[in-house]
Amino acid sequence: MTKLFKALVLAIPLMTQTCVWADDAELLRARLTDMSSLRAEFQQTVTDVNQKLIQQGSGVFALAYPNQFYWHLTAPDESLIVADGTELWIYNPFAEEVTLMDMDQAIQASPIALLVHRDAQTWAQYDVSRDVSGDDPAHECFAIRPKATDTSVQAVNLCFEAKLLTDFRIEDEQGNLSRFLLSQQRPMQDSERSLFHFSAPADVDIDDQRRNPEVQVKQ
């Protein structure tokens, strides 16, 4: 699995230690509430702990509340992540394999889940702080860090421009930083909701990691 892909897979009211942090969390929730659906193109770069460029990629990104997520990496190698609200599918066409997980397993893997999950129990797993160092009031960023210390994703930073999500960054436990720059953002159309439904192609290996694997896999 490439670092481009791994970073995203690890990376679908908060009770914090101070009133300032609580306000930051509520402000981020308000930004995400305004964004009930989104479709955009992305450019991705991955740098290591020494800021050396490791990989680059591009593709299509879409989300819709609640718990629906679509990530199609088209270059340099194709891969696909689809969350339909209940299950998460990770498809690697080159390896001809699919990994299948319950949605709550994916939520536990990364704070990127806060983009499409807004219940108090999920948000309580993270601390949120707002970056106020910039001079442009229309530009704001939020740092999201898991309270657990044994997670592969160490932090996610979301940045908005005039309340529009423009980029986010994912830092893993090795110090690698994946940055995703979004462009051509717009709300999803009803006709595009089929993006959130995945059927496994025939003759691919399926690694079913669901807690109730006897449920038939869609093909």
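The values are calculated or read from the model by the stated rules, or taken from the named source; none is laboratory data. Bear in mind that the values here come from a model prediction, so they are computed numbers and not experimental data. Because the Cβ atoms are built from the backbone with ideal geometry, glycine has one as well, and the counts that use them run over all protein chains shown. Protein only, heavy atoms only, side chains kept; ligands, DNA and RNA dropped before computing areas. Shrake-Rupley method; radii C 1.70, N 1.55, O 1.52, S 1.80 Å.
So VAL60 clears everything in (1) under 19 Å from VAL156 (Cβ atoms); (2) open to solvent by 30 Å² or more (accessible area, probe 1.4 Å); (3) modelled with pLDDT of 90 or more; (4) within 13 Å of the chain's Cα centre (by Cα) except one condition, right? Which one? Checking VAL60 against (1) under 19 Å from VAL156 (Cβ atoms); (2) open to solvent by 30 Å² or more (accessible area, probe 1.4 Å); (3) modelled with pLDDT of 90 or more; (4) within 13 Å of the chain's Cα centre (by Cα), the one that fails is (1).
Yes/no per residue for (1) over 17 Å from GLU26 (Cα atoms); (2) at pLDDT 85 or above; (3) open to solvent by 10 Å² or more (accessible area, probe 1.4 Å):
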| residue | (1), (2), (3) |
| --- | --- |
| HIS117 | no, no, yes |
| TRP123 | no, no, no |
| SER133 | yes, no, yes |
| PHE142 | no, yes, no |
| PRO146 | no, no, yes |
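Looking only at segment 64-83, which residues are open to solvent by 30 Å² or more (accessible area, probe 1.4 Å) and under 18 Å from PRO201 (Cβ atoms)?
HIS72, THR74, ASP77, GLU78
How many residues does segment 168-219 contain that are of a type in the set (Lys, Arg), assigned to a loop (DSSP other than H, G, I, E, B) and either at pLDDT 85 or above or open to solvent by less than 70 Å² (accessible area, probe 1.4 Å) (or both)?
Number satisfying all stated conditions: 1.
Just one of the numbered conditions (1) at pLDDT below 85; (2) touching a strand residue (DSSP E or B) at 6+ places or on another chain (Cβ under 9 Å); (3) surrounded by fewer than 22 Cβ atoms within 10 Å (Cβ to Cβ) is not true of ALA106: (3).
Examine segment 38-50 for a residue that is open to solvent by less than 30 Å² (accessible area, probe 1.4 Å), hydrophobic (A, V, I, L, M, F, W, C), modelled with pLDDT of 90 or more and farther than 21 Å from ARG186 by Cβ, and state whether such a residue exists. Yes, that holds for at least one residue.
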